[in-house]
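Since the structure comes first, as structure tokens, the remarks are kept for the end.
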Amino acid sequence: MYLVKNSPRALFAALIPLAIVEAVLMAFAIAGGQVTDPAGVPAPDQILVFYAGRMAIDATFLFAGHILLRQWTISSRLAYALMGGVVAAVSYGIAIRNHIQLAAPGDGTVVTIGLLPTIAGVIGGFLYGQFAGLSPVARAAGAGSAAAAPAAPPPIVFDGPVRVRTSVAGIAIAALMPTVLATLLPYTLVPLLMNGFADKSTAHIFAAVIPAQTFMIMIVISVIPSSIFILCVHHVARAMSRRSGWEYAAIGGVAAFACPLLLAFAMPLFAMLTVPAAFCGAVMGALYRRFAGLEPMPLPEAVIATDPNALVGADHPSRHQHGVILGN
């Protein structure tokens, strides 16, 4: 039996999706305050305090959930993903209840907005279980019994055929890559925004809101197509018996390069996206392989037979000729 290790590095990785979602929600709250009550927009120090408070709550709850799963000797990544979603939802509820945020959600949007941190928590919990690693459960034993106990068995190894797993969490993480890359693109426009506004405070608001808006738009329009794409890449790689990350990256890059190339016949403008799409597809393939893991090849399905005479090989003579029964 194994337990997930205590790992600050894994905790930091698990907080990344939560930090991104919290930053997006905070940017929208600041933009809304700039429109409805410009004088009431908090100072940067207050914004930083709110953000640090939310992240501290998320980190505390996530680590507490990890400790609880260790107490229950649960180490599956699915359990950690569910735990991450639960603690993120609880953290969001506490923030709403105690006003630990810049602006309260509008009427009828509390649950809808809460889905974003919940999904981020699911991904964060999965990342913690992925990066922390496993350690065997220590068994308590007395001094006398320890001396008389037999030697520990060697670690279990497997040298049979394996294949890359079909992982829902791996698909979800890889499918977010187009959103992440598209969100980074508006940051190249930040210097232009700073020079285009006479009021620098307004420029800072737009510089924060445009990437957040890009993130929300891309996550809506690209997640489902990206999930289908990476699932197809995975099955193509599995059909070709490819397992390494470089091979998945190559297959993803070639497939993503071909998609805009085919669309260019209908709209030539898509030809400009071939190189960015190939880069994005390669990263998606490598990410999926990194988080999917391996599994043993399944055994052949059992055959249900009702006639023992039919249990003969494919090259048996009875398979190639028919018996004759002469009538009276």
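Please pick out the residue among Ile230, Ile251 that is among the β-branched types (Val, Ile, Thr), crowded, with 17+ Cβ neighbours inside 10 Å and either in contact with a Phe, Trp or Tyr (Cβ under 6 Å, 6 or more places away or on another chain) or more than 30 Å from Pro298 (Cβ to Cβ) (or both).
Details: Ile251 fails: either in contact with a Phe, Trp or Tyr (Cβ under 6 Å, 6 or more places away or on another chain) or more than 30 Å from Pro298 (Cβ to Cβ) (or both).
The conditions single out Ile230.
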(request) Kindly indicate whether Ala23 is of a type outside the set (Lys, Arg) and either touching a strand residue (DSSP E or B) at 6+ places or on another chain (Cβ under 6 Å) or at pLDDT below 90 (or both). (result) yes
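A quick yes/no check of all residues on (1) assigned to a loop (DSSP other than H, G, I, E, B); (2) in contact with a strand residue (DSSP E or B) (Cβ under 7 Å, 6 or more places away or on another chain); (3) modelled with pLDDT of 85 or more:
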| position | (1), (2), (3) |
| --- | --- |
| Leu287 | no, no, yes |
| Arg290 | no, no, yes |
| Val303 | yes, no, yes |
| Thr306 | yes, no, yes |
| Asp315 | yes, no, yes |
| Ser318 | no, no, no |
| Val324 | yes, no, no |
| Gly327 | yes, no, no |
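Is there a residue in region 256-275 that is small (Gly, Ala, Ser) and closer than 30 Å to Ala13 by Cα?
Looking only at region 256-275, we keep the residues that are small (Gly, Ala, Ser), and these are 256, 258, 264, 266, 271.
With the extra rule that they be closer than 30 Å to Ala13 by Cα, the set shrinks to 256.
Checked region 256-275: at least one residue is small (Gly, Ala, Ser) and closer than 30 Å to Ala13 by Cα.
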(message) Of the conditions (1) assigned to a helix (DSSP H, G or I); (2) at pLDDT below 90; (3) not small (Gly, Ala, Ser), Thr60 satisfies every one except a single condition; which number is it?
(response) (2)
(request) Take Ile171 and decide whether it is surrounded by 10 or more Cβ atoms within 10 Å (Cβ to Cβ), at pLDDT 85 or above, in contact with a Ser or Thr (Cβ under 6 Å, 6 or more places away or on another chain) and assigned to a helix (DSSP H, G or I). (result) yes
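Residues checked against (1) basic (Lys, Arg); (2) modelled with pLDDT of 70 or more; (3) closer than 25 Å to Pro225 by Cα:
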residue: Thr166; (1), (2), (3): no, yes, yes
residue: Ala175; (1), (2), (3): no, yes, yes
residue: Val180; (1), (2), (3): no, yes, yes
residue: Leu192; (1), (2), (3): no, no, no
residue: Lys200; (1), (2), (3): yes, no, no
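Can you spot a residue in region 139-146 that is more than 13 Å from the chain's Cα centre (by Cα), at pLDDT 85 or above and not in a loop (DSSP other than H, G, I, E, B)?
Checked region 139-146: no residue is more than 13 Å from the chain's Cα centre (by Cα), at pLDDT 85 or above and not in a loop (DSSP other than H, G, I, E, B).
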(message) Which residue is modelled with the highest pLDDT, if the candidates are limited to region 82-132 and must be surrounded by fewer than 15 Cβ atoms within 10 Å (Cβ to Cβ) and of a type in the set (Gly, Ala, Ser)?
(response) Gly93
(message) Between a residue in region 306-319 that is of a type in the set (D, E, K, R) and any residue that is surrounded by 10 or more Cβ atoms within 10 Å (Cβ to Cβ), which pairs come within a Cβ distance under 6 Å, given they are 6 or more apart or on different chains?
(response) none
(request) Scan Phe257, Phe270 and give me the residue that is in a helix (DSSP H, G or I), at pLDDT below 90 and either in the same structural domain as Leu181 (by TED's automatic domain parsing) or surrounded by 17 or more Cβ atoms within 10 Å (Cβ to Cβ) (or both). (result) Phe270
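The values are calculated or read from the model by the stated rules, or taken from the named source; none is laboratory data. Since we're looking at a predicted model, the values are computed, not measured. Glycine gets a Cβ as well: all are built from the backbone with ideal geometry, and neighbour counts include every protein chain shown.
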